[in-house]
Amino acid sequence: MFGASAPDAWIDTLVDHWRGRQEWILAHQMDIAGIAAPTGAEERRAAHVESQLRAMEGIDTHRDRHGNVCAVMVPASAGAGVDRAPLVCLAHLDTVFDRETPLVIHREGSIVRCPGIGDNSRGLAVLLALAQTLGAADVRGRLARPVHLIATVGEEGIGDLRGARGWFDDRSAASHIDPFAVIAIDGPGDDTVVHRAPGSVRLRITVTGPGGHSWTDADTVSPVAAVGHLIAGISRLAHERPSGTTIAATRVSGGESLTAIPTQCWVDIDIRGIRQADIDGLRASTMTLLSRAIQEERSRHPRTTLDLQVTVLGERPAGSISEQHRLVRAAVVATAAVGRDARPAIASTDANIPLSRGIPAIALGAGGTGGGAHTRDEWYDDRDSHRGVERLLRLVLTLATSRPSIDDLER
Ligand SMILES: [Zn+2]
């Protein structure tokens, strides 16, 4: 049975091999961390990862139009029993740090300090280990489906999962066969299994008006007043929101002078939720509140008008699969196999994109522990890191070499 069978001896052999190569993975991890990769400027790090992949056997490597580095392993035998639905592993290239952030690596024993050392240099280094494993002739001979390893751009913050989104868009345009399963490899860790992906929408609402002198033009509409009505409404909405959601006005700016009717005011609204329908509902409510706020201000100053612009600053789709889904259960089995208790988790990762499209996906750590992610004090501890690597190897090798049909992964 899929995911629950006794581990094959050949997988044990590979696991043993990698247990002795933790320094190989850590050396790659430190090399990667030393190359700046701000969201939107991942080129140097992408080129480095691409050259590492090109040097390995059995892998077809290319860069896609979004900047993702794509490594494909096809089964050595294309005969019966080979499924065309691929297994896909994603690891993001980008970091939250700008180009000026010093990327100096300090290592003391098993602990390494450097911005981005865990998130996601660790995931990328383990992606290279997976590539080397899967590309080897004896493993390729066992593959029951293609495997795509993708180092993605634009995962963090303003990137809005751009690389993963582009890859899945292109995939669905080129093929009617959805991936069999997707694993996002993100940061350190060896026990969480992320199967719920919260979504978000970030809006900037800009209101503009004619402005004027605050004494002589006192009957003119005010963008600041309109935005004020909106913020009051958002704050009431935040108290009535459905569980598993948040909504807040997070930034506001407007006006030009102490003694003038403002010509402009903007407000940023941050909406988050576990279920996409709730996010869509809060977004629609925001638009209703906005038109009421504009009407209210205009009704008091009927001779002048306000203009309005809504810009989407960010959008991450939500999605999830149940804890009982076979992919989650397979990950739980792999976690138990390395002596850890699996913890179901919720997080925003590249897995948001497949999950939002009904494609089974999870996110897993790449071994070791760490802290201070997204800060300059980020650290990573390589102690017992083989457990997380072993968990991924067992899961990926099981999924890549087993032959359940895509229907066996219930949605
Ligand atoms: Zn990350």
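Read-outs throughout are calculated quantities, based only on the coordinates presented, and are distinct from any laboratory measurement. A quick note: this is a predicted structure, and the numbers were derived from the prediction, not measured. All Cβ positions, glycine included, derive from the backbone under ideal geometry; neighbour counts span all protein chains shown.
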So what J values fall out for segment 186-200 if you push phi through Karplus, 6.51 cos²θ - 1.76 cosθ + 1.60 with θ = phi - 60°, rounded to Hz, Gly and Pro as x? 9, x, x, x, 9, 10, 6, 10, 7, 10, 10, 10, x, x, 7
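When a footprinting reagent is the concern and you count Cβ atoms within 10 Å, what order do CYS89, CYS114 take, fewest first?
Values: CYS89 29, CYS114 25.
In order of increasing Cβ crowding within 10 Å: CYS114, CYS89.
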To the nearest 10 degrees, the tilt of helix 276-300 (Cα long axis) against the first principal axis of the alpha carbons of the chain is 10 degrees
Can you give me the long-range amide H partners of ALA91? Hydrogens built in the peptide plane at 1.01 Å from N, cutoff under 5 Å, separation of 5 or more residues or another chain. ILE150, ALA151, THR152, ILE185
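Tally Lys/Arg at +1 and Asp/Glu at -1 over every other residue whose Cβ is under 11 Å from the Cβ of ARG84; what's the total?
-1
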Mind sorting TRP167, TRP266, TRP24 by how few other Cβ atoms lie within 10 Å of their own Cβ, fewest first? TRP24, TRP266, TRP167
Once the Cα atoms of helix 43-54 and of the chain are each reduced to a long axis, what angle between those two axes, in degrees from 0 to 90 to the nearest 10, is obtained? 20 degrees
Share antiparallel - DSSP beta bridges, the chain, percent rounded to 5: 75 percent
Could you let me know the centre-to-centre spacing of segment 98-135 and segment 276-309, using Cα atoms, in angstrom? 46 Å
Please list the non-local residues whose amide H lies under 5 Å from the amide H of LEU308, H modeled 1.01 Å from N, same-chain partners needing a gap of 5 or more. THR208
When the Debye formula is applied to the Cα atoms of the chain, each taken as the same point scatterer, what base-10 log of I(q)/I(0) results at q = 0.08, 0.12, 0.13 Å⁻¹? -0.50, -0.93, -1.04
Estimated 222 nm signal from helices in the chain, with DSSP H stretches of n ≥ 4 weighted -39500 (n - 2.57), rounded to 500: -11000 deg cm²/dmol
What residues of segment 260-291 lie in the reach of a label at SER299, counting those whose backbone N is under 18 Å from a point 7 Å from the Cα along Cα→Cβ? 287-291
What do you get for Rg/Rh of segment 273-348 when both radii come from the Cα atoms and Rh is the Kirkwood radius? 1.33
Using a cut-off of 13 Å between beta-carbons, work out the net charge of the residues near VAL252 (Lys and Arg +1, Asp and Glu -1, VAL252 not included). 0
Could you line up THR13, THR220 from fewest to most neighbouring Cβ atoms inside 10 Å? THR13, THR220
State the Cα centre-to-centre distance between segment 315-353 and segment 239-262 in whole Å. 35 Å
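If you wrap a convex hull around the C-alpha atoms of segment 199-316 and split its volume per residue, what is the figure in Å³? The partial results should precede the final answer.
On the way: hull volume 10.1 nm³, N = 118.
Per-residue hull volume (Cα only) is 85 Å³.
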